[in-house]
Amino acid sequence: MEDDRFQQFNKVKLSNGASITKNLLENTSNEKKTHKSKQPTNQLKSGLLGWYAVCSIREISGDDPYFFTMFNEPLMIYKDKDSNLRCIKDLCPHRGASFRGGQIIDGELVCPYHGAKFSSTGKCTNLSRITCNHIVDSNYNNYATKIHLYQYLCKEVGDYIFINYTGSSSTNLEEIEVKENIDSKILNTYGFKTEEYKFEEVIVDFKCDWARIVENHLDILHLFWVHGETIPDADVNRNVITSFNQEITRDSNQIESKYKYKEKDKGEFIRIKFLPPGRIIIYKGNPEESRYIQVLDHIPLAKNQARVIVRHYRKFLKNNFFNSLILFKNLQHRIFYKVFAEDYMILRTQTFNDQMGYIEKDNVKLLGEDKMIQYYWDWYKNSLNEDKPWDIHPIKSDTNSVHQELAMLYPPENKILAEKNNREIVVKLIARLIIPIGLAFLLI
């Protein structure tokens with residue numbers, strides 16, 4: 001920096017002292033501006049508010065509702081009597097209780113506090129209202145016409161459940177303005193056909209900043225160093241770290257980075273797309289030819305709490321019987337949980353350093369290979385300033401943390417599922433040994 005300023009100083013015409021001072025001030029001002037997020041000419045059109053994949057359709061099974069939060073706001077998803085998906089604010093409009101502990105009976109939501117029932121009305125489409133039909137007192141008819149649940153638009157797209165999160169729920173879905181077409185969330189529009197693949201899925205929870213997790217998953221090159229001994233890929237380990245030719249393209253819908261081997265005959269190593277606000281797609285090679293694709297959907301639950309839906313699509317090992325025999329699902333889940341556990345301490349300490357202001361004080365320097373990271377932060381900071389999602393439902397110092405305490409269900413924060421998966425592997429391996437031994441004894 002000092003050398004740059006010295007060179008700039010030498011270019012100043014020494015006509016008078018005032019002009020020198022003016023040029024130095026301009027140079028200093030420009031240096032300060034470079035630390036701020038600039039608005040690129042091809043800025044992503046989507047901000048931090050919009051369509052988020054919040055869970056898999058598998059999470060909404062039977063009559064069990066799915067509870068979660070978005071930017072601190074407590075929400076729940078369930079199916080009504082016509083199997084329409086409903087996403088509502090977790091708030092009974094009678095006395096303000098949560099629906100946790102309540103029931104879904106014949107498609108009607110029953111509050112656990114006073115048994116108030118809420119059912120869909122009208123044609124029961126996604127544009128209908130939900131009203132209370134529980135008889136509370138003699139004034140019920142008048143009461144029921146004025147009480148409604150607060151909703152967000154909720155749709156199923158490709159085995160995912162999406163909500164259109166605006167930060168402002170509504171009692172009438174017809175009044176909600178949708179800025180982005182949900183069709184843009186169909187995975188088949190991004191270069192591969194999901195029907196040609198099998199996939200495994202895990203959900204992972206972190207107590208750290210959502211934006212840092214997205215950054216981590218955009219950083220392909222850390223895979224070699226952090227996960228080289230865990231990921232079962234001969235091309236990814238500490239001994240084969242190499243540099244790539246990086247090709248980045250941006251438009252209003254996505255940021256894409258291609259990492260190509262310097263040897264042209266080896267082609268493309270990996271490709272990554274960032275689709276705002278929370279989806280990342282990673283292809284092992286060209287999308288049309290890729291045998292392995294990873295889809296990550298990032299959900300900002302609350303301050304210092306985030307969830308990621310992880311799917312690994314593959315064109316190999318598609319036989320269900322063989323996969324069951326070799327415990328492929330359990331072994332894959334064990335790898336997933338270990339990989340995200342390896343990232344966890346890094347993410348938590350990055351979050352701390354960011355919140356303490358250390359990262360903002362020019363204590364970190366980005367390299368040329370971090371260009372996609374820089375583009376992402378440009379988008380994020382601009383979107384944060386424009387949408388201010390954390391200011392919509394702010395958590396105060398004396399706010400009850402019940403929803404935050406209940407939110408952490410999955411590894412690496414909650415290790416119960418990882419431990420259960422490991423036990424299943426042991427039990428199934430023992431069973432596979434016992435069966436042939438038992439048959440041998442019978443034959444003897």
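Overview of values
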read-out: Among the candidates 83, 15, 37, 29, residue that is open to solvent by 30 Å² or more (accessible area, probe 1.4 Å), modelled with pLDDT under 60 and farther than 30 Å from residue 365 by Cα; value: 15
read-out: Failed criterion for residue 351 (all others in (1) modelled with pLDDT under 95; (2) part of a helix (DSSP H, G or I); (3) β-branched (Val, Ile, Thr) hold); value: (1)
read-out: Test: residue in region 337-356 that is touching a Ser or Thr at 6+ places or on another chain (Cβ under 7 Å), open to solvent by less than 90 Å² (accessible area, probe 1.4 Å) and in contact (Cβ under 8 Å) with a residue 24 or more places away in the chain; value: yes
read-out: Top-ranked residue in region 293-304 [being open to solvent by 10 Å² or more (accessible area, probe 1.4 Å) and in contact (Cβ under 8 Å) with a residue 24 or more places away in the chain; ranked as nearest to residue 165 (Cα to Cα)]; value: 303
read-out: Any pair with Cβ under 8 angstrom, 6 or more apart, that starts in region 155-183 at a residue that is basic (Lys, Arg) and crowded, with 16+ Cβ neighbours inside 10 Å and ends at one that is at pLDDT 85 or above and in a helix (DSSP H, G or I); value: 155/182
read-out: Selection within region 338-376 - among the aromatic types (Phe, Trp, Tyr) and within 16 Å of the chain's Cα centre (by Cα); value: 340, 344, 376
read-out: Qualifying residue in region 182-202 (condition: among the acidic types (Asp, Glu) and within 16 Å of residue 310 (Cβ to Cβ)); value: yes
read-out: Members of region 221-243 that are out of contact with any Lys or Arg (no Cβ under 6 Å at 6 or more places or on another chain), touching a residue at least 40 places away in the same chain (Cβ under 8 Å) and surrounded by 16 or more Cβ atoms within 10 Å (Cβ to Cβ); value: 221, 226, 227, 231
read-out: Failed item in (1) touching a residue at least 60 places away in the same chain (Cβ under 8 Å); (2) within 30 Å of residue 59 (Cα to Cα); (3) within 24 Å of the chain's Cα centre (by Cα), with residue 317 passing the rest; value: (3)
read-out: Residue pairs meeting the criteria (Cβ under 8 Å; at least 6 apart or on separate chains; first within 19 Å of residue 279 (Cβ to Cβ), in region 252-267; second outside any strand (DSSP E or B) and open to solvent by 90 Å² or more (accessible area, probe 1.4 Å)); value: 252/45; 253/45; 257/371
read-out: Helices (runs of 4 or more DSSP H) completely within region 371-444 that count 3 or more residues being within 20 Å of residue 67 (Cβ to Cβ) and open to solvent by less than 70 Å² (accessible area, probe 1.4 Å); value: 402-407
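The values are calculated or read from the model by the stated rules, or taken from the named source; none is laboratory data. Everything numeric here is computed off the predicted structure, so don't read it as measured data. Reconstructed Cβ throughout: ideal geometry from the backbone, glycine too, with neighbour counts over all protein chains shown. Heavy atoms of the whole protein, side chains included, go into the accessibility calculation; ligands, DNA and RNA do not. Shrake-Rupley method; radii C 1.70, N 1.55, O 1.52, S 1.80 Å.
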